[in-house]
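Novice: Encoded as structure tokens, here's the structure I'll be asking about.
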Amino acid sequence: MASVEQAEGGENRGRKQNKWQNRKRVGFHIDMTPYVDVIMLLLTFFIMTSTLNQPQVMQINLPKGDENTTVKVDMGNVVFIRISEKGNIGLSKGKSDGTEEQPIKVNLEQMRQYLEGWGTANKDMIMILKFHRKAKYDTMISVLDEINRAAIEKRYSFSKMEEPDFKVLEAIGG
């Protein structure tokens, strides 16, 4: 693994010889081949035993059934959450006769307070989320985070924004 090589002292070329010039020089040579093998084994061990970070994924439960299956819901249990292109949030409650109340323009903190109040009053509340196609993704994540922070039963569905929804957003200053 290691070897020692001894070198002879320098020649005395007419100069005065000092005591340290007569010493023999010792050189070391270390064979690194076995160490490379050990390092590779350790590297392999750490790679095989380490766990990599799992990507954070939002779990979405999709209903089973065909496209023709419809679910009947009492509109009195529905809360509409509409988000405009600018990030404005409009909340409105549905009425049992199939219409909905006047929309309210809120920010994220107010949205959570309204949802908690409505959720404690109505245990069967269902939220329908409608996002403008050009709304920022960050706004959508913030809205979902506030819904998850709210102390309510979390039942919500995403729906496509249609022409009546655009009119509701215009009413709140969309």
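Laboratory data are not the source of any read-out in this text; all were calculated from the coordinates shown. Everything quoted here is computed from the prediction, not taken from an experiment. Ideal geometry is used to build each Cβ from the backbone, glycine not excepted, and the neighbour counts take in all protein chains shown.
Novice: Please compute the net charge surrounding Asp124, taking Lys and Arg as +1 and Asp and Glu as -1 over other residues with Cβ under 10 Å from its Cβ.
Specialist: Details: positive: Lys123, Arg155; negative: Asp74, Glu153.
With Lys, Arg at +1 and Asp, Glu at -1, the net is 0.
Novice: Now for a separate question. Short version: ³J(HN,Hα) in whole Hz for each residue of the range 29-45, in order, from phi by Karplus 6.51 cos²θ - 1.76 cosθ + 1.60 (θ = phi - 60°), x for Gly and Pro, what are they?
Specialist: In residue order, the calculated couplings are 9, 10, 7, 8, 4, x, 5, 5, 4, 5, 4, 5, 5, 5, 4, 4, 4 Hz.
Novice: How would you rank Val79, Val57, going from fewest to most other Cβ atoms within 10 Å of each one's own Cβ? Mind showing how you got there, number by number?
Specialist: Values: Val79 21, Val57 6.
With the fewest neighbours first, Val79, Val57 line up as Val57, Val79.
Novice: Ok, one more. Kindly provide the trypsin sites (Lys or Arg not before Pro) of the range 21-98 that DSSP labels as loop, not H, G, I, E or B, and whose Cβ sees at most 14 other Cβ atoms within 10 Å. It would help to have the intermediate numbers written out before the result.
Specialist: Numbers: sites: Arg23, Lys24, Arg25, Lys64, Lys72, Arg82, Lys86, Lys93, Lys95; in loops: Arg23, Lys24, Lys64, Lys72, Lys86, Lys95.
Of the trypsin sites (Lys or Arg not before Pro), the ones in loops of the range 21-98 whose Cβ has at most 14 other Cβ atoms within 10 Å are Arg23, Lys24, Lys64, Lys72, Lys86, Lys95.
Novice: With a point put 7 Å past each Cα toward its Cβ, work out how far Thr69 is from Leu43 in nm, to one decimal.
Specialist: It works out to 5.3 nm between the two label points.
Novice: About its Cα centre, how strong a charge dipole does the chain have in debye, to the nearest 20, once Lys and Arg get +1 and Asp and Glu get -1 at the Cβ? Let's see the in-between values first.
Specialist: Numbers: 25 positive and 23 negative charges, 264 e Å.
Here the chain has a charge dipole of around 1260 debye.
Novice: Using only the alpha carbons of the range 75-171, what is the convex hull's orientation-averaged projected area in square nanometres?
Specialist: On the way: hull surface 22.1 nm².
That works out to 5.5 nm².
Novice: What are the trypsin sites (Lys or Arg not before Pro) within the range 107-156 that DSSP puts in a loop, where the Cβ has at most 16 other Cβ atoms within 10 Å? Don't skip to the answer; put the middle values down first.
Specialist: On the way: sites: Arg112, Lys123, Lys130, Arg133, Lys134, Lys136, Arg149, Lys154, Arg155; in loops: Lys123, Arg133, Lys134, Lys136, Lys154, Arg155.
Those satisfying the criteria are Lys123, Arg133, Lys134, Lys136, Lys154, Arg155.
Novice: OK, next. To the nearest Å, what is the center-to-center distance of the range 46-80 and the range 123-174, using C-alpha atoms only?
Specialist: 16
Novice: Which one, Gly117, Val26, Asn77, projects farthest toward the positive side of the charge dipole computed for the chain from Cβ point charges (K/R +1, D/E -1)?
Specialist: Positive-most Cα among the choices belongs to Val26.
Novice: Return the FRET efficiency for the residue pair Glu153, Leu52: r is the Cβ-Cβ distance, R0 is 41 Å, and the value is rounded to the nearest 0.05. Kindly include the intermediate steps, with their values, before the conclusion.
Specialist: Values: r = 35 Å, r/R0 = 0.85.
Once rounded, the FRET efficiency stands at 0.70.
Novice: So, one more: So, with +1 on the Cβ of K and R and -1 on the Cβ of D and E, and no other charges, what is the size of the charge dipole of the range 75-171 about its Cα centre, to the nearest 20 debye?
Specialist: Working: 16 positive and 15 negative charges, 37 e Å.
Approximately 180 debye in magnitude.
Novice: Still on this structure: When each pair of different Cα atoms in the chain is counted once in the 1/r mean, what is the Kirkwood radius in angstroms, to one decimal? Walk me through the numbers on the way to the answer.
Specialist: On the way: mean 1/r = 0.0444 Å⁻¹.
Roughly 22.5 Å, rounded to one decimal.
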